[in-house]
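Trainee: Please read through the structure below; I'll follow up with questions.
The values are calculated or read from the model by the stated rules, or taken from the named source; none is laboratory data. Please read these numbers as outputs of a predicted model, since none were measured by experiment. Reconstructed Cβ throughout: ideal geometry from the backbone, glycine too, with neighbour counts over all protein chains shown.
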Amino acid sequence: MTRPRVGGVRDRVGFRKAIRLARWMLVTRYEHRDWNRMTAPKQIGIAVVEYGGRYLIGIRGAGVPLAGYAEFPGGKCLAGESATACAVRECLEESGLAVIADKLLQRTEFEYPHGRVDLHFILCHPAKSEDIRERHNQFGWVPAEKLKSLKFPEANASIVEELGP
């Protein structure tokens with residue numbers, strides 16, 4: 001039985017071709033946007049907190065994607081965490097307000113330049129009415145009729161349309 005030559009000229013040429021092909025595929029063929037389409041979207045739980053016809057809204061800070069845009073409390077789901085549990089957890093972390101999830105209002109998949117997201121908009125209500133304050137950290141209460149006047153990310157357009165009068 002003969003063994004293949006290892007370290008010979010042919011092996012080095014084949015290896016170099018394989019490396020060039022791999023580089024070409026990564027750089028030329030699979031650009032950043034194409035790579036985003038090939039990967040699974042990030043699961044995002046969003047708490048749409050309603051109380052007395054008003055909604056809990058914050059403004060995204062500087063240094064983050066979509067800075068200056070209005071937002072509902074929410075964020076990325078942890079491994080094995082449901083979107084509903086994520087929305088409740090994120091609302092407590094971001095605003096300090098404990099909420100009870102009611103139902104899924106809407107689910108939207110959207111692609112931003114910085115990545116793909118699968119947004120789960122969960123209708124929530126405050127757990128205790130005595131916990132209601134005018135401000136909850138950087139979040140405040142906005143009447144439903146004023147939602148459309150705020151600058152929300154594109155992916156939120158349909159939920160804002162649904163909530164507004």
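Trainee: Of I100, I122, which residue is within 14 Å of L163 (Cα to Cα) and at pLDDT 95 or above?
Mentor: Every option except I122 fails the conditions.
Trainee: Note down all Cβ pairs under 8 Å where the first residue falls in region 72-91 and is in the same structural domain as I44 (by TED's automatic domain parsing) and under 13 Å from F121 (Cα atoms), the second is surrounded by fewer than 18 Cβ atoms within 10 Å (Cβ to Cβ) and among the acidic types (D, E), and they're at least six residues apart or on different chains.
Mentor: G75/E93
Trainee: Could you list, in sequence order, all residues of region 118-151 that are touching a helix residue (DSSP H, G or I) at 6+ places or on another chain (Cβ under 7 Å) and either of a type outside the set (F, W, Y) or over 21 Å from E93 (Cα atoms) (or both)?
Mentor: L119, H120, I122, C124, H136, N137, A144, L147, K148
Trainee: What residue, among those in region 143-159 that are within 15 Å of the chain's Cα centre (by Cα) and closer than 19 Å to G61 by Cα, is surrounded by the fewest Cβ atoms within 10 Å (Cβ to Cβ)?
Mentor: E154
Trainee: Within region 81-88, is even one residue buried (at least 18 other Cβ atoms within 10 Å of the Cβ) and under 20 Å from V142 (Cβ atoms)?
Mentor: Yes, the conditions are met somewhere in region 81-88.
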